[in-house]
Amino acid sequence: MKLSRILSNQNGVSRKQANALIAAGAVTVNGVACREPAREVDRFATVASRGGVIQVGEQSHYLMLHKPAGYLSATEDKVHKTVMELIDDNLHSGLHIAGRLDRASTGLLILTNDGTWSRQLTEPAIKLPKVYRVSTASAITGETAARFSAGIWFEFEQLRTSPAQLELLGAREARITIYEGRYHQVKRMFHAVGNRITALHREKMGDIGLDDNLPPGGYRRLTAEEIESVP
């Protein structure tokens, strides 16, 4: 919401009066004077004027979870255990998952209550790299890396995936880097070359890598550097 609108909605002043207060430097956002009436201010920012606090910023949460197998990437489910059962109850309100993993898959999962931030992390058009370690049912053929590098055609979406990098770790193991994160993308890519994934573990999203010190089921807050790494 624009800063001038927050003032006029919550401070009982006209839009013209709000603009005048802002132009005079009488309004602060998170303690810093702001002279831009059109500045977009989210619900996490504290806004104040000479008359006192106008908006108390909500606390934002950015969590890294080492997802174990057997948990759904969902906030609730009537049948299966969800990853929310691994998070302290006092953090549940408003949390959503930024980039889901299948129930059988493991690794890095990000949970946050900041929708704008999570969209930047997961939006396919932004093309942040996502890194997975996979095991496959059949040996990975020599042509797989070339096929992935050229992009795989997805008939349902009528599009070709962005070039992906494949690093062989063994006959049936590899590390793959993709840049979109579409629905079941890694599994569908291997299916397209006649193979099947038997295990999938996410290691990294953008510049945020799974903390080696986190055991399966453990979580921690993201650092300021990790949060700011998302454009």
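The values are calculated or read from the model by the stated rules, or taken from the named source; none is laboratory data. This structure is a prediction, so every number in the text was calculated from the model and none was measured. Glycine also receives a Cβ, built like all others from the backbone with ideal geometry; neighbour counts cover every protein chain displayed.
Output the residues belonging to the stretch 47-67 that are surrounded by fewer than 16 Cβ atoms within 10 Å (Cβ to Cβ), touching a strand residue (DSSP E or B) at 6+ places or on another chain (Cβ under 9 Å) and assigned to a loop (DSSP other than H, G, I, E, B).
ARG50, VAL56, GLY57, SER60, listed by residue number.
In the stretch 70-96, what count of residues is obtained for those that are closer than 21 Å to ARG202 by Cα, surrounded by 14 or more Cβ atoms within 10 Å (Cβ to Cβ) and of a type in the set (Gly, Ala, Ser)?
Summing the residues that are closer than 21 Å to ARG202 by Cα, surrounded by 14 or more Cβ atoms within 10 Å (Cβ to Cβ) and of a type in the set (Gly, Ala, Ser) in the stretch 70-96 gives 2.
Could you check the stretch 179-207 and list, in sequence order, the residues that are touching a Pro at 6+ places or on another chain (Cβ under 9 Å) and in a strand (DSSP E or B)?
Those that are touching a Pro at 6+ places or on another chain (Cβ under 9 Å) and in a strand (DSSP E or B): LYS204, MET205.
Can you tell me which of ARG133, ARG172 is more than 19 Å from LEU108 (Cα to Cα) and crowded, with 16+ Cβ neighbours inside 10 Å?
ARG172
Does THR82 fit the bill of being of a type in the set (S, T, N, Q), touching a Phe, Trp or Tyr at 6+ places or on another chain (Cβ under 8 Å) and either assigned by TED's automatic domain parsing to the domain that holds GLY209 or touching a residue at least 60 places away in the same chain (Cβ under 8 Å) (or both)?
Criteria met by THR82.
Note down all Cβ pairs under 6 Å where the first residue falls in the stretch 46-57 and is on the phi < 0 side of the Ramachandran plot, the second is at pLDDT below 90 and surrounded by fewer than 15 Cβ atoms within 10 Å (Cβ to Cβ), and they're at least six residues apart or on different chains.
ILE54/GLN10
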